[in-house]
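The values are calculated or read from the model by the stated rules, or taken from the named source; none is laboratory data. Just so you know, these numbers come straight off a predicted model, no measurement behind them. Here the Cβ is made from the backbone with ideal geometry for all residues, glycine too, and neighbour counts use every protein chain on show.
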Amino acid sequence: MSSSKIVDPGSVVSDACRATARASAGLRWVERPGYFTRRVPADDARAGRVAVVSGGGSGHEPMHSGFVGAGMLDAAVPGAVFTSPNSLAVAAATRAVDGGAGVVHVVKNYTGDVINFGVAADLCRADGIDVETVLVDDDVATDSSDPDGPGRRGTAATVVVEKLCGAAAARGDDLAAVAALGRRVAAAARSMAVAFRACTVPGASAPSFDLGDDEVELGVGIHGERGTGRTGTLSAREVVEALLGPVLDALDAGEGDDVILVVNGLGGTHALEIAVVFGDALELLAARGIRVRRHLVGTFVTAFDMAGVSLTVVRCGDELPIDDVLALWDAPTAAPAWPGRPAGEPAEDAVVDGESDADGGREDDAAEADATVTAWVARFTERVRGAVDELTDLDRRAGDGDFGVTMDAGLRDAPDPSTPLSPAATFSRLSRSFLENAGGTSGALFGAIFHRMADATAGRDLTAEVLADAVRGALEIVVQLGGASAGDRTMVDALAPAADALDGARGESVAAALAAAADAAARGAEATATMTARRGRASYVGDAARDVVDPGALAVAWFFAAGAEAAAG
């Protein structure tokens, strides 16, 4: 058993199925031979209506059990992890939901699924039940010209087929019509997936395939199969390009086409990442003149804990009229994994650029640009951007691991050194960048520091006295907001010594004052490695942060070091 799993591989499916039924108001789990049905009210008019049944190996949840509900599936039959259900269970589920109008089997094109559903269909026909089979074979990564091959795998398009067939059955379409619709949907659907990390199923001691940290696998399957190609790390847009190209080519989709788009996480991909992929897919489809009429975005068809995404496109047209598709897609369903209020067409006005409430008043400061401050902020920005991984590693060892990314985000709109501004305008723009882009404790505190420095330098020439006032004000606001004191192992341990050094350097040159502040801040930051944290991110990990310099204090030290370098010329 893999030490990374918390479940018994021998009982995980049965344990999970029992719990899933208990967690849902609309599911019933039939223990032997093992299938889900809807918990149908006594007055439900099942008689005379076509039933829709699907199933397959477990490990793909929420497919299929999550799609059992009025308006979608009547039954779902799970097998062991990545293993087809047995034919007796499929046959029992089919008999249980047959209302006299016949049953449609929605089957993913995997050999085990095809055989077991085929045997079950024969058994049920012998009992007088009409059964039609819809085979879903959407994975373009397994497209082959070999007529004797297994054909394309069935993947995420299965959910679209289940939804549309379930809705057609619910409105009263007969068996032939529901099955014909499902086949047309399957024929018009293509998918492709990419993995950033392979899955490790219960009982396995290693992932299904080896994949380096800087590699992605293209064309993976939902049973943990390795893909058809491997490449270096890709951005979200590059992932979309790599997947959409083969999918659209296979569908011959282009200018003027209406499509359904499914962006699906494979189990170990965060909703934020899936959302970014969806946004890039929308843009690339729009650039090709393809109109997304409906979409499904989230985690619906998984490969256990595989990190990755799949894209599915269903092309509508003469064989699959868009008006009928939209009516069926929008029809209500009680299936627990289907979005309660699925979105319509992506709205053009869903994103607006509102005016920021952040302080930008210093942009119009009448004071002259100052070369020292311009160079100071430029050096600081360069230093931080070149050390994002270093800051992240320090924060991972002493906190929550987001500090490097936060600082990089805070500098997203940092002043452009090619357009010098006054000291107040420079610090104000830096403050606004942190407050708008960084978020969290660090973003707010660094934004407050630079805001106070902007206030203190407004309308004043840069002198040692002005700097001392500015940094003292910055220290006061940080202490007020964060509640930390010197010795608490926070940025205050670098900022307070710098403020003291600047107070002691009043009357000296700006270069001398900044050199003293940089030296004091560096010694203060270094000292945090021996402190026990009482405030900030490291206070939650106790002595685990020992011997690690506080990244916030280090960033403050870098800020004053950049100022000293800029003033020294």
query: What about Ala544, is it over 20 Å from Ala456 (Cβ atoms), at pLDDT below 90, part of a helix (DSSP H, G or I) and of a type in the set (A, V, I, L, M)?
result: yes
query: Can you name every residue in region 82-109 that is under 26 Å from Arg190 (Cβ atoms) and surrounded by fewer than 21 Cβ atoms within 10 Å (Cβ to Cβ)?
result: Thr83, Asn109
query: Assuming Asp493 fulfils every condition listed in (1) within 19 Å of Thr381 (Cβ to Cβ); (2) surrounded by 19 or more Cβ atoms within 10 Å (Cβ to Cβ) apart from one, which condition is it?
result: (1)
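Of all residues in region 448-459, count the ones that are surrounded by fewer than 23 Cβ atoms within 10 Å (Cβ to Cβ), touching a helix residue (DSSP H, G or I) at 6+ places or on another chain (Cβ under 6 Å) and in a helix (DSSP H, G or I).
Taking region 448-459 first, the residues surrounded by fewer than 23 Cβ atoms within 10 Å (Cβ to Cβ) are 448, 452, 455-456, 458-459.
Within this subset, residues satisfying the condition of being touching a helix residue (DSSP H, G or I) at 6+ places or on another chain (Cβ under 6 Å) are 448, 452, 456, 458.
The next check asks that each one be in a helix (DSSP H, G or I); those that pass are 448, 452, 456.
Counting residues in region 448-459 that are surrounded by fewer than 23 Cβ atoms within 10 Å (Cβ to Cβ), touching a helix residue (DSSP H, G or I) at 6+ places or on another chain (Cβ under 6 Å) and in a helix (DSSP H, G or I) gives 3.
Yes/no matrix, rows are residues, columns are (1) under 13 Å from Val377 (Cβ atoms); (2) touching a residue at least 24 places away in the same chain (Cβ under 8 Å); (3) assigned to a helix (DSSP H, G or I):
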position	(1), (2), (3)
Ser418	yes, no, no
Phe427	yes, yes, yes
Phe434	yes, yes, yes
Ala499	no, yes, yes
Glu508	no, yes, no
Ala515	no, yes, yes
task: For region 286-307, enumerate the residues that are in a strand (DSSP E or B) and at positive phi.
output: Gly298
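When region 284-299 is examined, which residues are found to be touching a residue at least 24 places away in the same chain (Cβ under 8 Å) and more than 13 Å from the chain's Cα centre (by Cα)?
Once the filter is applied, which keeps residues that are touching a residue at least 24 places away in the same chain (Cβ under 8 Å) and more than 13 Å from the chain's Cα centre (by Cα), region 284-299 yields Leu284, Leu285, Arg288, Gly289, Ile290, Arg291, Val292, Arg293, Arg294, His295, Leu296.
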- request: Name every residue in region 445-474 that is among the basic types (Lys, Arg) and in contact (Cβ under 8 Å) with a residue 60 or more places away in the chain, in order of residue number.
  value: Arg460
- line: Flagged pairs (Cβ under 6 angstrom, 6 or more apart or on separate chains; first in region 135-154, touching a residue at least 12 places away in the same chain (Cβ under 8 Å) and assigned by TED's automatic domain parsing to the domain that holds Val106; second hydroxyl-bearing (Ser, Thr, Tyr) and surrounded by 22 or more Cβ atoms within 10 Å (Cβ to Cβ)) are Val136/Thr158; Asp138/Thr155; Asp138/Ser191; Asp139/Thr155; Asp139/Ser191
- prompt: Given the conditions (1) under 14 Å from Ser58 (Cβ atoms); (2) modelled with pLDDT of 95 or more, and given that Phe82 satisfies all but one, which numbered condition is not satisfied?
  reply: (2)
field: Filter pass, Val104 being within 18 Å of Val136 (Cα to Cα) and β-branched (Val, Ile, Thr)
entry: yes
query: Restricting to region 308-356, what's the tally of residues that are at pLDDT 95 or above, assigned to a loop (DSSP other than H, G, I, E, B) and of a type in the set (Lys, Arg)?
result: 0
message: Condition first: more than 17 Å from Thr374 (Cα to Cα) and either outside the structural domain of Ser431 (by TED's automatic domain parsing) or among the polar types (S, T, N, Q) (or both). Now tell me which residues in region 451-492 satisfy that.
response: Gln480, Ser485, Thr490
message: Looking only at region 400-435, filter to residues that are surrounded by fewer than 18 Cβ atoms within 10 Å (Cβ to Cβ) and in contact with a Lys or Arg (Cβ under 8 Å, 6 or more places away or on another chain); which one of those is nearest to Phe560 (Cα to Cα)?
response: Asp413
message: Restricting to region 388-416, give me the number of residues that are within 25 Å of the chain's Cα centre (by Cα), in a loop (DSSP other than H, G, I, E, B) and either under 22 Å from Ile477 (Cβ atoms) or touching a residue at least 60 places away in the same chain (Cβ under 8 Å) (or both).
response: 4
